[in-house]
Amino acid sequence: MEQQIAVSGLGGQGVLFVTKLLAETALRTGFSVLVSETHGMAQRGGNVVSHLKVFPRHDSKEEAAEDSLSMQPMTSPLIRPGRADVLLALHEEALAAHGFLVKPEGAVFCNRSDPKGPTDVDAVARAKAVGSAVAANVVLLGYAAARGGLFCTVDELRAVLQQWGGSRMEVSLSALDAGARAAREEKTA
């Protein structure tokens, strides 16, 4: 499975953390990864976007040669306009800033205080409910994974967070679960 994922947000919303978590999860589940980030405006609250390409790892030259006949190899970390499979929009304005990256049949998971679309979630409210508004990025990630929009599962993301540990691990795990719970609630509604 190949997947091109754009993560868009404002400086301080955790775009780079989400990207690092996705990249590490991809590597640990046997994929290869290409990543590109723009974070020059992060300190000023400007738009930040990262590009992540996940694709099968080739263990031999023969496998690589076989695949090159059937698919275009990924050589650049940048996602071209209209080619992203997924956009994780950490705020509503991210759609205007980076929505052009998503292909017509792609999925957009958006953090909105007033959800409008089928893949919108109020990630900030759910993050506040677990004790940390800044964990909205992980809520959105858990939501997208539980909806089947990502190459990985919620459990695979959880395993990486647990291995990383740190002072924010429990909050991050709670936020991930809150996002997954939001997705499950929609399925039963």
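Out of region 115-161, which residues are within 14 Å of D177 (Cβ to Cβ) and among the aromatic types (F, W, Y)?
Passing the criteria: only Y143.
If H91 satisfies all but one of (1) in a loop (DSSP other than H, G, I, E, B); (2) closer than 19 Å to L22 by Cβ; (3) over 14 Å from the mean Cα position of the chain (by Cα); (4) of a type outside the set (F, W, Y), what's the number of the condition it fails?
(3)
Could you please tell me which pairs satisfy a Cβ distance under 9 Å, a separation of 6+ or placement on different chains, a first residue in region 163-180 that is within 16 Å of A129 (Cβ to Cβ), and a second residue that is hydroxyl-bearing (S, T, Y) and not in a helix (DSSP H, G or I)?
V171/S132; S172/S132; S174/S132; A175/S132
Specify the residue that is modelled with the lowest pLDDT; the eligible residues are those in region 35-66 that are in contact with a Pro (Cβ under 7 Å, 6 or more places away or on another chain) and of a type outside the set (K, R).
Step one: filter region 35-66 for residues in contact with a Pro (Cβ under 7 Å, 6 or more places away or on another chain), giving 35-36, 51, 53.
If we keep only those that are of a type outside the set (K, R) as well, we get 35-36, 51.
Numbers: V35: 93, S36: 90, H51: 94.
Top of the filtered list is S36.
For residues that are buried (at least 17 other Cβ atoms within 10 Å of the Cβ), free of Cβ contacts under 8 Å to residues at least 60 places away in the same chain and not in a helix (DSSP H, G or I), tally how many sit in region 12-41.
Residues meeting the conditions: 4.
Could we say that S32 is touching a strand residue (DSSP E or B) at 6+ places or on another chain (Cβ under 9 Å), of a type outside the set (A, V, I, L, M, F, W, C) and modelled with pLDDT of 85 or more here? If you could, list the steps in order and put the result at the bottom.
On the way: touching a strand residue (DSSP E or B) at 6+ places or on another chain (Cβ under 9 Å): yes; of a type outside the set (A, V, I, L, M, F, W, C): yes; modelled with pLDDT of 85 or more: yes.
For S32, the condition - touching a strand residue (DSSP E or B) at 6+ places or on another chain (Cβ under 9 Å), of a type outside the set (A, V, I, L, M, F, W, C) and modelled with pLDDT of 85 or more - is met.
Given K116, K103, which one is surrounded by fewer than 22 Cβ atoms within 10 Å (Cβ to Cβ) and either assigned to a loop (DSSP other than H, G, I, E, B) or among the acidic types (D, E) (or both)? Walk me through how you get there before you give the answer.
Working: K103 fails: either assigned to a loop (DSSP other than H, G, I, E, B) or among the acidic types (D, E) (or both).
Result: K116 is the single residue among K116, K103 that is surrounded by fewer than 22 Cβ atoms within 10 Å (Cβ to Cβ) and either assigned to a loop (DSSP other than H, G, I, E, B) or among the acidic types (D, E) (or both).
Could you go through region 147-160 and let me know if any residue there is among the aromatic types (F, W, Y), under 26 Å from Q4 (Cβ atoms), assigned to a helix (DSSP H, G or I) and in contact with a strand residue (DSSP E or B) (Cβ under 6 Å, 6 or more places away or on another chain). Break it down into steps so the answer makes sense when it comes.
Applying the first criterion (among the aromatic types (F, W, Y)) to region 147-160 yields 151.
Restricting the remaining residues to those that are under 26 Å from Q4 (Cβ atoms) gives 151.
Pick out the ones that are also assigned to a helix (DSSP H, G or I) and you get none.
No: zero hits.
Among the residues of region 76-84, is any surrounded by fewer than 16 Cβ atoms within 10 Å (Cβ to Cβ), modelled with pLDDT under 95 and within 18 Å of L21 (Cβ to Cβ)?
The answer is yes; a qualifying residue exists.
The values are calculated or read from the model by the stated rules, or taken from the named source; none is laboratory data. Bear in mind that the values here come from a model prediction, so they are computed numbers and not experimental data. A quick note on method: Cβ atoms are made from the backbone with ideal geometry, for glycine too, and the neighbour counts reach across all protein chains shown.
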